[in-house]
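Working notes, structure below.
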Amino acid sequence: MLWAVGEESAIGLEPAQYGLMTTALAAGAIPGSLLSEWATRLFGELRTLLGGWLASSLLLLVPLLVPSPWTLHPTAVLWGVVGAAVNVLVISTRQRLIPVELLGRVNSAYRLIGMGAMPLGAALGGVVAEFTGVPAVLTGATGVCLVAVGLLWRALSGRKFHASDQHRHTFRHIRITLGTQEPVRK
């Protein structure tokens, strides 16, 4: 917000224009959710996920490098497209790979980590911005995202995600650890 809204901000949006930016984000999410299946067929699940996360990470730099409403709004559309496409793929992959009896627990943990980290990240970003400025926070956030994508790429490259018994039995030890019933054998 500080980087985007107000006369003294880098981008100089009026408060109403910020609303338009969030509308642009939502407008991008609609085609993004529809493009997820197409991108997955074209590139595969892993490449689509990693490519989407990479694109999303790099898009964080646009408001920093070109602080203008004319670049922010199209960037927000792209954030929406990429974010929705990746979210559809993440959720459908998780539902396919996680055993049914663990899906509620995994979804809860996923939400707790994802949503719970947001206020912590906002607080940390505020403290860092106070001492170093908003550009350092935007650059640091991009760096953290790029490192995460790189680590995931390294850990997952060469693997394929398919709904097979082989992948479903990967979670056998989790079932036993969490005290659920013995895994169903086929």
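Under 14 Å from the mean Cα position of the chain (by Cα) and aromatic (Phe, Trp, Tyr): is that true of Trp38 in this structure?
Here the answer is no, as Trp38 does not meet what is asked.
What are the residues in region 1-56 that are more than 26 Å from Val88 (Cα to Cα) and aliphatic (A, V, I, L, M), if any?
Matches in region 1-56: Met1, Leu2, Ala4, Val5, Ala10, Ile11, Leu13, Ala16.
Quick one: count up the residues across region 124-151 that are hydrophobic (A, V, I, L, M, F, W, C), under 19 Å from Gly52 (Cα atoms) and surrounded by fewer than 15 Cβ atoms within 10 Å (Cβ to Cβ).
4
For Leu65, are the conditions met, namely being more than 17 Å from the chain's Cα centre (by Cα), modelled with pLDDT of 90 or more and closer than 21 Å to Cys145 by Cα?
Yes; evaluated as a whole, the condition is true for this residue.
Please find, among Leu2, Leu46, the residue that is of a type in the set (A, V, I, L, M), assigned to a helix (DSSP H, G or I) and modelled with pLDDT under 95.
Leu46
Can you tell which of Pro69, Pro74, Pro119 is under 23 Å from Thr23 (Cα atoms) and touching a strand residue (DSSP E or B) at 6+ places or on another chain (Cβ under 8 Å)?
Within the list Pro69, Pro74, Pro119, the selection yields Pro69.
Which count do you get for residues in region 50-70 that are crowded, with 16+ Cβ neighbours inside 10 Å, assigned to a helix (DSSP H, G or I) and touching a residue at least 60 places away in the same chain (Cβ under 8 Å)?
Final tally of qualifying residues: 7.
Taking into account only those residues within region 5-24 that are of a type in the set (Gly, Ala, Ser) and either in contact with a Pro (Cβ under 7 Å, 6 or more places away or on another chain) or surrounded by 11 or more Cβ atoms within 10 Å (Cβ to Cβ) (or both), which is modelled with the lowest pLDDT?
Within region 5-24, the match that is modelled with the lowest pLDDT is Gly6.
Looking only at region 138-158, count how many residues are at pLDDT below 90 and over 14 Å from the mean Cα position of the chain (by Cα).
7
Within region 71-112, take every residue that is of a type in the set (Val, Ile, Thr) and touching a Phe, Trp or Tyr at 6+ places or on another chain (Cβ under 7 Å) and give me the one that is surrounded by the fewest Cβ atoms within 10 Å (Cβ to Cβ).
Within region 71-112, the match that is surrounded by the fewest Cβ atoms within 10 Å (Cβ to Cβ) is Thr93.
Can you name every residue in region 88-122 that is of a type in the set (Val, Ile, Thr) and either touching a Lys or Arg at 6+ places or on another chain (Cβ under 9 Å) or within 23 Å of Gly32 (Cβ to Cβ) (or both)?
Val88, Val90, Ile91, Thr93, Ile98, Val106, Ile113
Checking the condition in contact (Cβ under 8 Å) with a residue 60 or more places away in the chain, over 30 Å from Leu13 (Cα atoms) and not polar (S, T, N, Q), which residue from Pro135, Pro99 passes?
From the options Pro135, Pro99, the qualifying one is Pro99.
Given the conditions (1) touching a residue at least 40 places away in the same chain (Cβ under 8 Å); (2) out of contact with any Cys (no Cβ under 8 Å at 6 or more places or on another chain), and given that Pro15 satisfies all but one, which numbered condition is not satisfied?
For Pro15, the exception is condition (1).
The values are calculated or read from the model by the stated rules, or taken from the named source; none is laboratory data. As the structure is a prediction and not an experimental result, all values here were calculated from the model. Glycine also receives a Cβ, built like all others from the backbone with ideal geometry; neighbour counts cover every protein chain displayed.
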